[in-house]
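What follows is one structure encoded as structure tokens, with my remarks underneath.
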């Protein structure tokens, strides 16, 4: 039932056809969209918000932003999963976020924070404020880097575009020969955009990766992911498995530390401190020397509401608690 305190909430997602790339998976064969373009996970939040009396509609990113203030009180960016499908899509999404920020609407997460977190160079900002990260070498656009020498020093390497999602563009270089063969393509990539070079951590194949979900900076629940046998990517749509579980203490401690550090890490980029984002997913790899931050996702991460009963309700309550006039 719509009440005087009801909000008109827009949930940003991608075109319904994109969801076929992600659902169902072998890990969750029953997980399919029931109200596309909402993802099955976002549907849990949508249903909870509607149960609490709010009007909730999907916004497929890219739509004309000038009309949104007349239709919505707040916008929550959730599952824009096709923005990395091409360089054109990526640039289009960046520009769309900038236009969205200019509407004056309450947008969560803050577009300035999302734009920061879209470039994985933010890992160095976390390192600068004392958060242990997966060792990362940032190769700026237009610069060169000798991959074979790096692999010689570290045994194996992982290459990622600085701006990427869902493992797009990730390359595994298991030896010097592979690094040498990939060098020209890597040089070409560097002409188009910055790249990350990281030593391969064998723990990803044995310990997997933990995804820790935070609402308003507070831990909610964890998801443990493992790659398929002989693989290194933990994504369920790429054959990985997942289970819902409490993270070990060393992982939880690193997640809490990274989440708390977000405002300072953001400021390290040269701006002022930011407010704590509405949601974050902190990805951690457990190693023999402790947890290492692999990603801090605040743009379009799956939040796994289904991993913990009541998490969608807690998130909805947090949304309601944020004063629209103070954002």
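The values are calculated or read from the model by the stated rules, or taken from the named source; none is laboratory data. Not measured: the values here are computed from a predicted model. Don't worry about glycine lacking a Cβ; one is built from the backbone with ideal geometry, like all the others, and counts go over all protein chains shown.
State yes or no: is residue 310 modelled with pLDDT of 95 or more and within 23 Å of residue 45 (Cα to Cα)? Taking the combined requirement at face value, the residue satisfies it. Would you pick out the residues in region 170-200 that are over 16 Å from residue 139 (Cα atoms) and over 23 Å from the mean Cα position of the chain (by Cα)? Listed by number, the residues that qualify are 173, 174, 175, 176, 177, 178, 180, 181. You will find that of 68, 19, 44, the residue that is surrounded by 15 or more Cβ atoms within 10 Å (Cβ to Cβ), assigned to a helix (DSSP H, G or I) and touching a strand residue (DSSP E or B) at 6+ places or on another chain (Cβ under 8 Å) is 68 and no other.
Among the residues of region 157-169, are any under 20 Å from the mean Cα position of the chain (by Cα), part of a loop (DSSP other than H, G, I, E, B) and closer than 24 Å to residue 288 by Cα? No, every residue in region 157-169 fails to be under 20 Å from the mean Cα position of the chain (by Cα), part of a loop (DSSP other than H, G, I, E, B) and closer than 24 Å to residue 288 by Cα. Taking the conditions (1) crowded, with 16+ Cβ neighbours inside 10 Å; (2) in contact with a helix residue (DSSP H, G or I) (Cβ under 8 Å, 6 or more places away or on another chain); (3) in a helix (DSSP H, G or I) in turn, residue 180 satisfies each one other than (1).
Among the residues that make up region 36-47, is at least one of them more than 26 Å from residue 225 (Cβ to Cβ), modelled with pLDDT of 95 or more and not assigned by TED's automatic domain parsing to the domain that holds residue 164? Checking region 36-47: not a single residue is more than 26 Å from residue 225 (Cβ to Cβ), modelled with pLDDT of 95 or more and not assigned by TED's automatic domain parsing to the domain that holds residue 164. Taking the criterion of being in a loop (DSSP other than H, G, I, E, B), touching a strand residue (DSSP E or B) at 6+ places or on another chain (Cβ under 6 Å) and under 22 Å from residue 317 (Cβ atoms), the only residue of region 47-65 that qualifies is 54. Screening the candidates 128, 179, 156, 101 for the property of being closer than 30 Å to residue 271 by Cβ and outside the structural domain of residue 246 (by TED's automatic domain parsing) yields one hit, 101.
For region 279-298, the set of residues classified as assigned to a loop (DSSP other than H, G, I, E, B) and either closer than 16 Å to residue 43 by Cβ or at pLDDT 95 or above (or both) consists of 298 only.
For region 24-41, the set of residues classified as touching a residue at least 40 places away in the same chain (Cβ under 8 Å), surrounded by fewer than 20 Cβ atoms within 10 Å (Cβ to Cβ) and out of contact with any helix residue (DSSP H, G or I) (no Cβ under 6 Å at 6 or more places or on another chain) consists of 26, 28, listed by residue number. Just one of the listed residues (281, 243) is exposed (fewer than 15 other Cβ atoms within 10 Å of the Cβ), under 27 Å from residue 20 (Cα atoms) and touching a strand residue (DSSP E or B) at 6+ places or on another chain (Cβ under 7 Å), and it is 243.
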